[in-house]
Structures are given as C-alpha cells and as structure tokens.
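These notes are about the structure you will find just below.
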Amino acid sequence: MTKGEKGFIYSCLLFTLISEMLLSPFYPQLFSDYFQVDGVQATSLFIICCRLVVIVMTPMWGMVAKRWGLQKIVTAALMIMGGCKILLPMSHTFPQFLGVSLVLLFFQSSIYLLYPAMVASSKNADERVKATTTYLFIFHGSVIVSGIVGSFIIGLSVPLNCYYIFALVDIMLAAASCFLFPKKGAAATWEKVRKTEGLLKGVKWSREFLIYLLTAFLFYIGHHAIRPYFTVFLDNSYALTKQEASLLYVMPSIVAIVLQFFLPKRWLQSYVAVILIGVTGITGGLLFIQMLAEDIWLFVAIRIVYGICFFVSLAAIDILFFQMGIGRESPLSYSLVTSVQNIALLFSPMAALMMVQHNGLEGPFLLSGFLLIGSALCMALFSIRSYQSSSYQIKRGVGRHENL
C-alpha cells in the first residue's frame, strides 16, 4: 500500500472512531437530559441495538468486499454515513436518534475492514506489528479526543449539532477516495488483498482458533463492562467535575499514547502469548483494587497501571491473531474476530446493568476482574494447545511456523 492509501485509511478510522465515541461516556446524561428518558435503561438499549447491527454486518461486508472490492464499498459507505450524520441532529426523540444511528452503523461497519486490509498488505512481520500498534495509537488517540471534547459538548444546549462537522468530513473523505483509488497501482493493491483473502471459505475451525475466540470474547467484555457507568461511578464516589471524570475515563488511552513510543515491538512480537497471559491476569486484579480504592490518587495510580496493561494486551491479542495460520492466510477473516468483539460489547452493557442492579456501581469492576482472569486462563490453555500441536507437527517434519 502507498503512503497515500495508508493515510486515507488512518484518516477514515480516526474520524469514524471519534464520531462514534464522542458522546458515549455521557450517554446516560444525554438520554436523560436531552431526550427525557431513563438514561440508564436507554444506554443499555442503545448499545445493545448498535452492537447487534455491527455483529451481523461486519462479516457480511467482508464477504461483499471479497466480491465487489473494498474500495467501492468504502466510498459509498462514507457518502451514506455523511447523510446519516446530517440527520442525527434533527432527531427530537430517542427512537428517532436510535433509528438513524442503526442505519449509520449498518454502513459504518464496512469501515472497520480497512484495518485488517492494511495489515494484509504488510510485507513482513515487523510491518504488521507497526500497523497494529499504529492502529492502537489512533484508537486511543480517538478515545482521548472524544472523551475530553465530549465533556464540553455534552454541556451545550444542542450537543448533537457536532455531527454536522463529522458529516462534512465523511463527504470529503469520500471525495478523496475517488481521486486516490482510480489509479491502476491502487486498484492492484486492493486486488492483491482480495486475492489473498479466503473469508469464511476454507477457514480451519481448529480448537486453537476457537479457544482464541473465547479468549477474545472474555477479554473484550471484561474491559468494556466497566465503561457504560464509569462516569456515574465517579460521580457517586468522588467529587469531580465532568472534565475531571472525562480525564479519568480516557486515562488508559493517554498512557497508551505515551507507551506507543517506548514499547519494544520486537520483544512484544517474540513473547506475545506469555505477555498476553501476564498482563491480562494483572489487569483483572487491578480492577478489584480499583473498585475498593477510596483515595482518588490511589484510583488514579491504578488507572495508569491499568492503562499500561490494557495497551500492551490490546496489541498482543491482535498480533497473536495475525501470527496464527488463519490470520496470515485470510487476514480479512479478522471480521470474525470483530464480530466476537462486538458480541462481547453487546453483552457488556447488559452484564454491567445487571451487576449495578444487584451489587451497586462497584459491580461492573467485580465482574470485569473475574472475566479478565478467565481470559488469561483461556490464553494459557491456548498456549498449551499450540505447543502440543507444534510439537506434533515437528515430529512429522513440519516446521512450527506452518502451524502458528
């Protein structure tokens, strides 16, 4: 891929993530104050419906991209996304806002395929690690920008007007794609990604891959179960302003941005499984401590360490996928992993709501801690299975790199 194509992909991902997460920390407040509904119940319903759309559509777009090409799909999706974002501020009721959001996500889910497509075009393992960590840099940068800016936008009389700006950006990106991709060189790059892709067809549903999917499911639900009511937890536990609460919300992402420049990528690539097991287990323990922290500075310190572990484990779990056989042979099958992630994101608000109802606002931290420890145990099982499988292949004269 050329630098221009990579720049376009990074821009699409950046603005899509910011627009999606801009008001998400304050959904309970937004739905209560702006639409006059029960904010807690509405937040769970909104997240569940949105995740259902992404769960269904992400692998569907993967199959469509295999037939029609990702370039055409992305250009059309950006135009429709721009139209939906123009309609969002015109919503006067919660059902209207929900309906437009679902249509938006129907097409926006195709944008998420740009990341594995870019990794698929990497020439070697080092480039794949660089692409993965750069994506995480953009992801966490989006969390920081959306969290901080969102804390000010939520205080406006009409906070949804901010979507007009993102609508303009989407239309500009769609226009840019028309000028960027007609060249034969660019078309050849996308065609190469398509030819190396065997989405769903020929996927080997080995035990190792199924264990990996279970690990990813527990991992993402563990990290996201604390998010829907995190700012509400802070409001009830500490005397903080909305800006201070937003800063704590995005603290792990700030840590991740800093860590991006110091993370030894070769070391991460070489010991990815061991690192993933260790930091995921540690993160689960940190959430138990964070739940019990009464002093705000202790809470901040734990949040910083949590951010370090979160970033390293996020990079490790993606790198591990692209080191696996299915990740190398069919990179856009990452949409299957994305669907598992979104299933986790679907269950996380429901699980969080149940824990809040039965255990108070500390409940999500308790649940997340146990789930992350469970994810670490699944990762340990995955490593054992992979080691046994590779030993068997070596005995048959097949190199380890052909198995994992």
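The residue that is farthest from the chain's Cα centre (by Cα), counting only those in region 139-172 that are closer than 22 Å to Leu70 by Cα and open to solvent by less than 20 Å² (accessible area, probe 1.4 Å), is Ala167. Residues that are buried (at least 19 other Cβ atoms within 10 Å of the Cβ), modelled with pLDDT of 80 or more and under 19 Å from the mean Cα position of the chain (by Cα) within region 28-51 comprise Thr43, Phe46, Ile47, Cys50, Arg51, listed in sequence order.
Only residues that are under 19 Å from Ile144 (Cα atoms), among the hydrophobic types (A, V, I, L, M, F, W, C) and in a helix (DSSP H, G or I) were counted across region 1-29, and they come to 8.
Taking first residues from region 258-277 that are closer than 15 Å to Ile384 by Cα and of a type in the set (Gly, Ala, Ser) and partners that are at pLDDT 85 or above and part of a helix (DSSP H, G or I), the Cβ contacts under 9 Å between residues at least 6 apart in sequence or on separate chains come to Ala273/Ala316; Ala273/Met379; Ala273/Ala380. For region 68-84, the criterion of being assigned to a helix (DSSP H, G or I) and either closer than 21 Å to Ala225 by Cα or of a type in the set (D, E, K, R) (or both) is met by at least one residue. Would a scan of region 85-96 turn up a residue that is open to solvent by less than 20 Å² (accessible area, probe 1.4 Å), in contact with a Ser or Thr (Cβ under 9 Å, 6 or more places away or on another chain), within 23 Å of Val143 (Cβ to Cβ) and assigned to a helix (DSSP H, G or I)? The answer is yes, given that some residue of region 85-96 is open to solvent by less than 20 Å² (accessible area, probe 1.4 Å), in contact with a Ser or Thr (Cβ under 9 Å, 6 or more places away or on another chain), within 23 Å of Val143 (Cβ to Cβ) and assigned to a helix (DSSP H, G or I). When you look at Ser24, is it out of contact with any Phe, Trp or Tyr (no Cβ under 7 Å at 6 or more places or on another chain), modelled with pLDDT under 85, within 26 Å of Pro349 (Cβ to Cβ) and open to solvent by less than 20 Å² (accessible area, probe 1.4 Å), yes or no? No; evaluated as a whole, the condition is false for this residue.
Scanning for something out of contact with any Pro (no Cβ under 9 Å at 6 or more places or on another chain), open to solvent by 40 Å² or more (accessible area, probe 1.4 Å), free of Cβ contacts under 8 Å to residues at least 60 places away in the same chain and under 30 Å from Met251 (Cα atoms), does region 65-78 turn up at least one residue? Among the residues of region 65-78, not one is out of contact with any Pro (no Cβ under 9 Å at 6 or more places or on another chain), open to solvent by 40 Å² or more (accessible area, probe 1.4 Å), free of Cβ contacts under 8 Å to residues at least 60 places away in the same chain and under 30 Å from Met251 (Cα atoms), which makes the answer no. Mind checking whether some residue in region 158-180 is at pLDDT 85 or above, over 23 Å from Leu114 (Cβ atoms) and not in a helix (DSSP H, G or I)? Yes.
The values are calculated or read from the model by the stated rules, or taken from the named source; none is laboratory data. Being a predicted model, the structure only gives us computed values, none of them experimental. Quick reminder, even Gly has a Cβ in these numbers, built from the backbone with ideal geometry, and neighbours come from all protein chains shown. The protein model used for the area step is the full one, side chains on, heavy atoms only, and it has no ligands, DNA or RNA in it. Shrake-Rupley method; radii C 1.70, N 1.55, O 1.52, S 1.80 Å.
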